[in-house]
Amino acid sequence: MTALAYDPADPAVRRNPFPLYARLQDDDPVHWSPALKAWVLTRYDDVRQMLLTDQMSPDRLRPFYAQLQGERRDTLAEVMRYMALWMVFRDPPEHTRLRRLVGTVFNLKALEALDGPVSRVVDHLLDQLPTGQPVDWARQVAAPLPAYVIMDMLAIPYSDFPELKEASDELRAFIGGARADGDRYAVARRGAERLARFFRDLIAQRRADPGTDFVSRMIAARDDEGRLTEDELVATCMLVLFAGHETTTHLLGNAVNALLDHPGQLQRLREDPALIQSAVEEFLRYDGPSNALARVVKVDHQIDGKTLRAGDRVFGFANAANRDPRAFSDPQGLDLGRTPNRHLTFGFGTHFCMGAPLARLEGQRCIGALVQRFASIRRAPGETDWVDALAMRGVSTLPVILN
């Protein structure tokens, strides 16, 4: 039997990691990956516990940066200046303070108010798609839609999208890349510098002329402990832009790819539009955008007989856990009416994704409109490509023909 080895840089794994995930679950559920120099967890209960335990920390950036020396440390200094302030990488009490302040603005009521704007963006993008000829769903709809919604929230003109998308992609080289090397660090630094410069200027404009947008309200947000610092404001804007469009972009791309692979489920959704809410939950479970969630071991402890040492990195693979037969019936199948559906795509516990309601809304409005508007959705000639990433999973190109 071939030895099990998880290497996210393997193109075959990037295209379809699920057979390997299933083997790891059965034969090596707490797997040491030499390629990652980290532990890989693939069973549902183990990943869920990783997200709940106080024996691990999401603060994986600062320990990583502390052990760097020389040129690499200098290269990543500006990246760390902001990313170390992202709440997703902070433990309580810092995480609690940041989440409380951001939550005064980025809350369920505010996100529900975006229903109309989301639907307008969906209609705008679908109106531009030609029928009967190839279009790239990933690039023409999945990428711009959530970015435009976020830009509406921040009151940024759509004309700034190409610059911000390019800078965000550069930052992704460090956050979610399958490999870490000097070139990627330099690319990530360029992306961080571009985004920080853009948002620092934007914050100055909103201080001088505040409005009702997200940035203006974040500037004004305060609690008993005070306000967000200037760097925290910049970092939060970067996080909202990056997380707010990357995750949903891959949700929209992966969902259409899944429907193309399951024409019976596509027809089921077309005949029963009310199924869209559970359908989006199933898209999130079946091939979700959050491939792996990372932690650092705080204290030595064991999982399934393996000893994890303080300082070890751990990746809990949500996409593996979401297809664990110990947690889901027929886990490899796509069932748009699946219930219950307790997937881990948005995390679990105190770090549950704040943007989950918005991602769900965008998925429901976009996929629902696509299926009802076009009587035929089929693959076009050309390859479906996948992003070269570890933390995220999504199609980078998806040629389709709509009629």
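What follows is calculated from the coordinates using simple rules that are stated; it is not laboratory data. Since we're looking at a predicted model, the values are computed, not measured. Here the Cβ is made from the backbone with ideal geometry for all residues, glycine too, and neighbour counts use every protein chain on show.
Only DSSP H runs of four or more residues enter the estimate; each adds -39500 (n - 2.57), and after division by the residues of the chain the mean residue ellipticity at 222 nm equals -15500 deg cm²/dmol. Charging the Cβ of each Asp and Glu at -1 and of each Lys and Arg at +1, and nothing else, the dipole of segment 273-403 about its Cα centre rounds to 200 debye. If only the Cβ of Lys and Arg carry +1 and only the Cβ of Asp and Glu carry -1, the dipole of the chain around its Cα centre is close to 280 debye. Placing unit charges on the Cβ atoms of the charged side chains and taking the dipole of the chain about its Cα centre, the candidate lying farthest along the positive direction among L145, C353, V122 is C353. The mean sequence distance of close C-alpha pairs (under 8 Å, at least 6 residues apart), as a share of the length of segment 11-402, puts its relative contact order at 27 percent. Residues W86, W386 in ascending order of nearby Cβ atoms (within 10 Å, fewest first): W86, W386. Between segment 292-310 and segment 184-229, what is the separation of their alpha carbon centroids in Å? Centre-to-centre (Cα) distance: 35 Å. In straight-distance terms, cross-link reach from K298 covers every one of the lysines whose alpha-carbon lies under 16 Å from its own, apart from those fewer than eight places away in the same chain; here that gives K306. For M56, nonlocal amide neighbours, meaning residues 5 or more places apart or on other chains whose placed amide H falls under 5 Å from its own, are K298.
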